[in-house]
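Below is one structure, written out as structure tokens, with a few remarks after it.
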Amino acid sequence: MADQPFLRMENIHKRFGNVVASAGATIDVRQGEIYALLGENGAGKSVLMNILCGVLTPNSGEIVFRGAPLRLGSPSEAIRHRIGMVHQHFMLVPNLTVVENYLLGKESPFAVLTGLKEAAARIRALSDHYGLDVRPEAYIRDLSVGERQRVEILKVLFHGIDLLVLDEPTAVLTPQETNRLLDLLRVLVADGKTVIFISHKLDEVMRVSDRVSVMRDGKVVFTTDTKSTNPRELARMMVGRDVLMDLPTKAATPGRTVLAVENLHCNNDIGLPAVRGVSFEVRAGEIVGVAGVSGNGQSELALALAGLIPATEGAIKLNGENIRGLSPGEIGRRAMAHIPEDRHKLAIVLPLPLTENVILQRYNQAPFAKGGLLAPEAIARHTRDLLQRFKVKAGGVDSPIQTLSGGNQQKLVVARELARRPDFLLISQLTRGIDIGAMEFVMQEILKQRELGKAILLISTELEELFALSDRILVIYEGRIVGEMPPDRNRLDEIGLLMAGNAPAGGAVRPPLDEARL
């Protein structure tokens, strides 16, 4: 690698109104390396990369690429300079084919029609070269999540880039797909590409990157060769304090059955079957994890259990009572709490103050209401107590919840739901979108609930989260429970095969629980 940096972003500043998103960040990237960029939510990683790729314009600072100053006004300009980015959320049109997506917006309509055959041939050649198995004629809507990820990566390569930015590329992949992607990065580097890799998964950063930088508060606070550091040090640099990497757990001693799900069926939002005959039980004092690639029915399962979508068949028994068919409000009056996967849509009302958000389901109950009127002092006192106990950083109890960071919003949702003292806790994507410091805290709180004898169902696409918290793991694929596994990291490949719809050789996986047992 040459002494001259392939890319230098120096003293980059970016403001959105009064919010400082980048406060003089500086990075150097060497040609032919995999450079990892870490940081908590809001640290400035994505802002910096969006500036590099022409999505945003900096207020000040300088970008030098291949030894020459670089100023970009759009992503298409970045592509012309051979810089491309694969975003965390896919940028594909579902009703178009792969090749049509690749040509979309790049050529005139006539050129697209006449160039499809040539473009398809190029896609096949690139796909064969990198082992990506991308079919140019396939419709995006028919592809799995992992296939769409490969389409996104090949799309950038199709446009001829030398610098590739990947933003959380493994967030929705099975273990096998993750391994395949990380191996691909090394192939890209061998082909002369340079990669910037953004991830919150420290094990992946340690495994694949050559150098790593950590951002905090809009600045780069730490840079080193990856081989000279370790996950504990990186976590400490991200948060600014020591982080508990391995949560202390005790063996579970499950008690009575709190939740029993029997032959549950429900449809997705367009009326197609999403959950197909699911049966399982969750007992007091245990955490049952549900693993699966996003889009295999786990979202609909959670919504059906919470009464937010109707079940078309089956039973949901909470403490022996069949709650299937009850409204969300009626279920909310039972001994059940729900931490949903999308807090903005299902858990909080962004413009409302903290005081109103913490009583959303209890606004008409004592001590928050008396004689049909709200009791502001009791509500404020309860809110202050939750903020203190759960270390939520906020301007005050009357602050709109939208002024809190994502991690603090999630901590407040967790605090609110646990304050209801439920027998059963339904959790979807507990740590999605929150940083490592908030992640550590909320995971510890959930473990405390298990020790208090609560029954907990934890639905997550993050296997590390499931390994850290679960007593047993159910694997869901295409709306069915296809196996049950212990939370054993040595059996990661088996879980990954189940998540992809393939039973491991040897039949070592327990079958789904039989309905007769319930």
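Each value in this text was obtained by applying a stated rule to the coordinates, not by laboratory testing. Note that the structure is predicted; figures quoted are calculated from it, not measured. Neighbour counts are summed over all protein chains in view; Cβ atoms, including those assigned to glycine, are modelled from backbone coordinates with ideal geometry.
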> What order, most packed first, do the peptides 66-73, 210-217 have when packing is the mean number of other Cβ atoms within 10 Å of each residue?
Replying inline: 210-217, 66-73
> In nm², what is the average projected area of the convex hull enclosing the Cα atoms of segment 1-135?
Replying inline: 10.7 nm²
> Cα-based Rg (one decimal) and Dmax (whole number) for the chain, in Å?
Replying inline: 24.4, 75
> Could you give the alpha-carbon Rg of segment 113-201 over 2.2 N^0.38 Å, rounded to two decimals?
Replying inline: 1.09
>> Please arrange Phe197, Phe6, Phe90 by how many other C-beta atoms lie within 10 Å of their C-beta, fewest to most.
In response: Phe90, Phe6, Phe197
> Looking at the chain, what % of its DSSP beta bridges pair antiparallel, to the nearest 5?
Replying inline: 55 percent
> In what sequence, highest mean first, do 179-189, 32-42 appear when ranked by Cβ atoms within 10 angstrom?
Replying inline: 32-42, 179-189
>> What are the equivalent ellipsoid semi-axes of segment 212-346, built from the alpha-carbon gyration tensor (square roots of five times its eigenvalues), in whole angstrom, biggest first?
In response: 39, 20, 15
>> Using all alpha carbons of segment 7-239, what is the percent of pairwise distances in each 10 Å bin, ordered from the shortest bin to the longest?
In response: 8, 32, 36, 20, 5, 0
>> Using only DSSP helix segments of four residues or longer, with each worth -39500 (n - 2.57), what per-residue ellipticity at 222 nm results for the chain after dividing by its residue count and rounding to 500?
In response: -9500 deg cm²/dmol
> Leaving out same-chain residues fewer than 8 places away, which lysines sit with a Cα under 27 Å from that of Lys45?
Replying inline: Lys14, Lys155, Lys193, Lys201, Lys219, Lys227, Lys345, Lys391, Lys393, Lys411
> Which Rg and Dmax, in Å, describe the Cα atoms of segment 257-517?
Replying inline: 18.6, 65
> Which order results if Leu92, Leu354, Leu418, Leu458 are arranged by neighbouring Cβ count within 10 Å, fewest first?
Replying inline: Leu92, Leu418, Leu458, Leu354
